[in-house]
1. Please go through region B:173-248 and write out the GluC sites (Glu not before Pro) that DSSP classes as loop and that have at most 12 other C-beta atoms within 10 Å.
2. If you take the beta carbon distance between A:Lys194 and A:Arg158 as r and set R0 to 25 Å, what does 1/(1 + (r/R0)^6) give as a FRET efficiency, to the nearest 0.05?
3. So for region B:2-247, taking the charge dipole from beta-carbon charges (+1 Lys/Arg, -1 Asp/Glu), which of B:Gln84, B:Val6, B:Tyr132 sits furthest toward the positive end?
4. What does the structure give for B:69-80 when I average, per residue, the other chain Cβ atoms found within 10 Å of the residue Cβ?
5. Averaged over its residues, how many other protein chain Cβ atoms are within 10 Å of peptide B:178-187's Cβ atoms?
6. Mind giving me the nanometre distance, one decimal, between the label points for A:Leu187 and B:Leu191, set 7 Å out from Cα along Cα→Cβ?
7. Quote to one decimal, in nm, the extra length available between B:Val231 and B:Leu137 on full extension: 0.36 nm per residue of separation minus the C-alpha distance between them.
8. With a 10 Å radius around each residue's Cβ, average the other Cβ atoms per peptide and rank A:81-92, A:129-140, highest first.
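Here, each number is a calculation from the coordinates, and none is a lab measurement. Values in this document were obtained by computation on a predicted structure and should not be read as measured data. Neighbour counts run over all protein chains shown; Cβ positions are idealised from the backbone, glycine included.
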Amino acid sequence: MARLSITKDLDVMVEFEGVGIRMPRARKRNVNSRLRRFAGEASPEQVWRLRDITLSIPAGQAVAIFGSRSSGREALLRLAAGTLIPDEGCVRRQAKVVPMIDVAAAMTRNMTVRQNIYVIGGLLGLTPSVMGDLVPRIAHLAGLQGQLERKLTPLTNRQINRLAWSIGVMTGERAFAIDETHIGEDLEFASTVKERMSQMRAEGVTFIVASDRPELFLDDWDRGLVLDHGSIVADTTLAEATVVYEQLGGTDVDDDSDLRTEETFEERDDLGEEEVWEEGGDERPRKRER
Amino acid sequence: MLRMLVLRELQTQYSRFRFGYLWTLLEPLVLSIILWLVFSVLLGPRHLGLQPYLLFLSVAMLPWWWFTKGINASVRSFRRNAAQLRISTLPTQFWVLRVLLVSTVEFLMSLPVVVIAVILTRDLPGPLIVFYPIAILAQFLFMYGIALALASWNVIAPDVARLVRLAMRGLFYLSPILYSVSNIPAHVRPLAALNPLVGILGLYRIGWWPQEIEDMLHYGVSLGIGLISFVVGWVVFRRLESRVLKES
């Protein structure tokens, strides 16, 4: 397949050099696997998720990544942002790349909108000094003005995703790695997203976005990448990439469907906070020592 | 950022209970008093530990409390914060450090218990009390090292957390908390020196009972092993870090 590449004479923002990474095979959660897990089954085997990726993303470029769920597009985003360490090769960054990858999963449902903005904003790189100013603006962007003291529980997933996206883009960084959870099928919100991102793009911000419908985010994409089974099969314009991706079968359903978000929550439930802090209290000796 | 995370955690922990900070004092104090009643009053003085026994107990009880709470909680820190790890560009070890710092703050806030015990027993420490802060530092390093290794292992095999809890129970009796090093039969003492807690608890107690450090070699070995644990823990964590990130 064609491996066209577009070069712009700009500084490099992110650079991949012969990058490969093995990931544990995602598992489906069912009673059987939970039982096996409980019985002490080790983590599942690791499979090569990305192999031999060499890629250079200039500062200010907007790159759309196409690929099915098991193509390694999430791994690519996480590697670009530095929340994964490659097993082979190296990833170089010129500046911080904000990892907007399933941010909603990191939110705490029984905390208020304001508290979540502080915690998530902090993780994504906002400092407490600028936070006070930004909190109302983030809430406004997410369409949650006047609901700062509300807990997340009554909010819909769509609202939570909007909040996640708003916190991310307000960090004011120069580069973003965004996955499809942050806009997905939320068409009503698309115009807000587009407006904001076009504005940032004009300011020279770099975007690496994994999405099946990148046109929802931005009008003028510089580049489209198509990933298939861990390698780049096309590196070209957005229009061509869309065609290549459709030829591949588009949004195919994979053997390896990703249920990781759900899993993360479940696992955290396994050993709740209560248990952790109540433990250790009963060291009272029941028998005489020696 | 780290400071914010620590403060946040402390805040949520204390706002949940009505007596908040009082619990930090009450738990170890009541436990010390119970143990003192059992071992000193009910069973009579049987040369277990050193006198005054209430003070002897509480001086070691607080660090032990810090040790179990800190380790038990930090072993789960990567697993509990998987979703946060995915979006955080902070150094990975911060998640362990945060839990550890929370327990350290709690430990420091529970120190008035020692003051209460000193007042009750009217036994002021000698000049060797200067080793007290050194003991805190040594314990922190030791805990940090093993917490990093255990938390990383726990990501790969979730059973580690349970195993650790069991090991803690055993370690309680294998460390000189209820008893003094002089209660350990002489021929077992070299073995006991392999436990870093022997050296660390010794440093805490030396201010009141200089005779606790009679065998410098054993304490040196014990503290040395504590330091080695820190280095080993750090190396293990570095090797497993990419695995931890992948599993998050």
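1. Here the sparse-neighbourhood loop sites are B:Glu214.
2. E(calc), rounded to 0.05, equals 0.90.
3. Of the candidates, B:Gln84 comes out farthest on the positive side.
4. The shielding value for this peptide is 3.
5. Counting Cβ atoms of other protein chains within 10 Å of each residue's Cβ and averaging gives 1.
6. So the label points at A:Leu187 and B:Leu191 sit 7.5 nm apart.
7. Net length gain for the segment: 32.4 nm.
8. A:81-92, A:129-140
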